[in-house]
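What follows is a short report on a single structure.
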Amino acid sequence: MMDELRRSSAHVFVEDISHPVLTYSDVHHLSRVLRLKNGEVVSCSDGHGAWRVTHWKDGAVESVSEVVTEPEHSILLTVAIAPVKGDKTDLTIEKLVEIGIDRIAILQPLERSVVRWDSDKTSQVLDRYRRIALAAAMQSRRVYLPEIVGPVSLDALGVDGIAMAEPGGQASWDGVRTLVIGPEGGFSPSELASSLPTIDLGSTILRAETAAIVGASLMVAHSRR
């Protein structure tokens, strides 16, 4: 990560990186929550790899550097998760974004899924997940916004580079680009009987949200070391 990004007092996403303009919510956050002082550094990104350094001044930002464009990772990583009870899915999405996952797929209910949304609430829930991902991308100084998709079926994920997280799984991390995490009750026997390989995350039994975070960390460490 560039030092300018790491050292910035705040990081925001803007529509036009050539003329960065803050949204009302960003102005409120920087002025009322972070209480920035004039002259503090704010990094701005368009979410597609381009970013620049600006200075905070009187409720707006002034550009002080040229636009820098970071290359996208040659290998894009996906974690597919089954929503779990309470706010644990929110936490999972936040941490997956911080870890560096490029795409988070929300699975349709599996056989042992506890959380099952009404169809009229799906759009609302996904919008909340995207807001959580945006805030996490700002906190972690990402310049590529992660993609949140769903609900998707297991079959829709395809078969190339995919592994299901399961105790005792024998697959290697080599070539794994999509990690599938089951619900609280785990995958059913019929789901495990699919053609997808399984991969082990360690010697202990993990909660679904912990498995997603551990698995994502292992996948990122292996593919981007």
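The values are calculated or read from the model by the stated rules, or taken from the named source; none is laboratory data. Model, not experiment: these values are computed from the prediction. Here the Cβ is made from the backbone with ideal geometry for all residues, glycine too, and neighbour counts use every protein chain on show.
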Original post:
Among the residues of segment 84-97, is there at least one that is over 28 Å from S195 (Cα atoms), among the aliphatic types (A, V, I, L, M) and surrounded by fewer than 19 Cβ atoms within 10 Å (Cβ to Cβ)?
Top reply: yes
Original post:
Restricting the first residue to segment 75-96 and requiring it to be not assigned by TED's automatic domain parsing to the domain that holds W173, which pairs with a second residue that is assigned to a helix (DSSP H, G or I) and of a type in the set (F, W, Y) meet a Cβ separation below 8 Å and a spacing of at least six or different chains?
Top reply: none
Subject >> In segment 44-98, residue nearest to A10 (Cα to Cα) [restricted to those that are among the hydroxyl-bearing types (S, T, Y) and touching a Lys or Arg at 6+ places or on another chain (Cβ under 7 Å)] >> reply: S63
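Can you work out which of the residues in segment 84-108 that are assigned to a loop (DSSP other than H, G, I, E, B) and under 12 Å from the mean Cα position of the chain (by Cα) is nearest to G47 (Cα to Cα)?
Ranking the qualifying residues of segment 84-108, first place goes to D102.
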Subject >> segment 39-56, residues that are surrounded by fewer than 20 Cβ atoms within 10 Å (Cβ to Cβ) and of a type in the set (D, E) >> reply: E40
